[in-house]
Amino acid sequence: MSGSLLIQNRQRAIRLDARLLRLITKSLLTELLELEDFDLAIEIVRAPKMAQLNETFLQHTGSTDVITFDYSDEVLPASCRQIGSNLPPGCRKHVHGEIFICIDDAMAQAREFRTSWQSEIVRYVIHGILHLLGFDDLRPAARRKMKREENRLLKKVGRLFPLRKLGGGSKLGA
């Protein structure tokens, strides 16, 4: 198994335990998703940076919660959009990409959905990795399938790690 994982906290609004986020992500990749190989960078940013990325690369106005850039040149058939050791032969068992996560959107969505921003951050990591595995959320049926897998993985991660410990409190009172 080979893997490269980089976590960069490029915001200072919220204390974030990047070491714990790395442990969670590595466990997700190697144990829960059983990936053989990965080259992944995750960057935690504020809303202005996310809005800039969103407008530059997706031509969408404003910030968003998560943006995933897939650097793999593989095209996956629909039959490969499942995970774990049950993948059909020829399906992706590695990821190569970059995930940008907006801390401001995580805090806002946590309030809206009555959860913690820490849980939202982990959800966005899972969401990005699922995109890198070939899941898509553009069509309603595909979005439901992706959301079910996202929820399943978040629940498993939540049993393995104390997600609340990702944060050490707010510097801005959020």
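The values are calculated or read from the model by the stated rules, or taken from the named source; none is laboratory data. Just so we're clear, the structure is a prediction, and the values are computed from it rather than from any experiment. So basically every Cβ, Gly included, is an ideal-geometry build from the backbone, and we count neighbours across all protein chains shown.
Which of the residues spanning segment 105-138 are out of contact with any strand residue (DSSP E or B) (no Cβ under 8 Å at 6 or more places or on another chain), among the aliphatic types (A, V, I, L, M) and outside any helix (DSSP H, G or I)?
Scanning segment 105-138 gives a single hit, Leu138.
Would you check if there is a residue in segment 15-33 being in contact with a Ser or Thr (Cβ under 9 Å, 6 or more places away or on another chain), modelled with pLDDT under 95 and not aromatic (Phe, Trp, Tyr)? I'd like the intermediate steps shown before the answer.
From segment 15-33, those in contact with a Ser or Thr (Cβ under 9 Å, 6 or more places away or on another chain) are 15; that's our starting set.
Still in the list and also modelled with pLDDT under 95: 15.
Narrowing the set further to residues that are not aromatic (Phe, Trp, Tyr) leaves 15.
Yes, the conditions are met somewhere in segment 15-33.
Out of all the residues in segment 107-157, which are closer than 17 Å to Thr64 by Cα and among the small types (Gly, Ala, Ser)?
Within segment 107-157, Ala108, Ala110, Ser119, Gly128 meet the criteria.
Just to verify a result, which residue in segment 50-63, among those that are under 18 Å from Ala108 (Cα atoms) and surrounded by fewer than 17 Cβ atoms within 10 Å (Cβ to Cβ), is nearest to the chain's Cα centre (by Cα)?
The selected residue is Gly62.
In segment 1-52, what residues are assigned to a strand (DSSP E or B) and of a type in the set (A, V, I, L, M)?
Leu5, Leu6, Ile7, Ile14, Leu16, Leu40, Ala41, Ile42, Ile44, Val45
List every residue pair whose Cβ atoms lie under 9 Å apart, where the two residues are 6 or more positions apart in sequence or sit on different chains, the first residue falls within segment 126-154 and is farther than 23 Å from Ser72 by Cβ, and the second residue, located anywhere, is among the basic types (Lys, Arg).
Asn151/Arg123; Leu154/Arg123
Could you list, in sequence order, all residues of segment 88-146 that are more than 13 Å from the chain's Cα centre (by Cα) and of a type in the set (Asp, Glu)?
The answer is Asp104, Asp105, Glu112, Asp136, Asp137.
If I ask for residues that are touching a residue at least 24 places away in the same chain (Cβ under 8 Å), assigned to a helix (DSSP H, G or I) and surrounded by fewer than 18 Cβ atoms within 10 Å (Cβ to Cβ), which ones from segment 155-169 would you list?
Scanning segment 155-169 gives Lys156, Gly158, Leu160, Arg164, Lys165.
Please go through segment 15-44 and pick out each residue that is within 13 Å of Leu153 (Cβ to Cβ) and hydrophobic (A, V, I, L, M, F, W, C).
Ile24, Leu28, Leu29, Leu32, Leu33, Leu35
I need the full set of residues from segment 50-73 which are more than 26 Å from Ser4 (Cβ to Cβ) and touching a Gly at 6+ places or on another chain (Cβ under 7 Å), in order please.
The answer is Ala51, and nothing else.
Before we move on, is Phe69 among the aromatic types (Phe, Trp, Tyr) and either free of Cβ contacts under 8 Å to residues at least 24 places away in the same chain or closer than 21 Å to Ala106 by Cα (or both)?
Yes, satisfied.
For the list (1) buried (at least 16 other Cβ atoms within 10 Å of the Cβ); (2) among the β-branched types (Val, Ile, Thr); (3) touching a Gly at 6+ places or on another chain (Cβ under 9 Å), I need the number of the one condition that Ile24 fails.
Ile24 satisfies every listed condition except (3).
Can you pull out the residues in segment 53-70 that are assigned to a strand (DSSP E or B) and β-branched (Val, Ile, Thr)?
Matches in segment 53-70: Val66, Ile67, Thr68.
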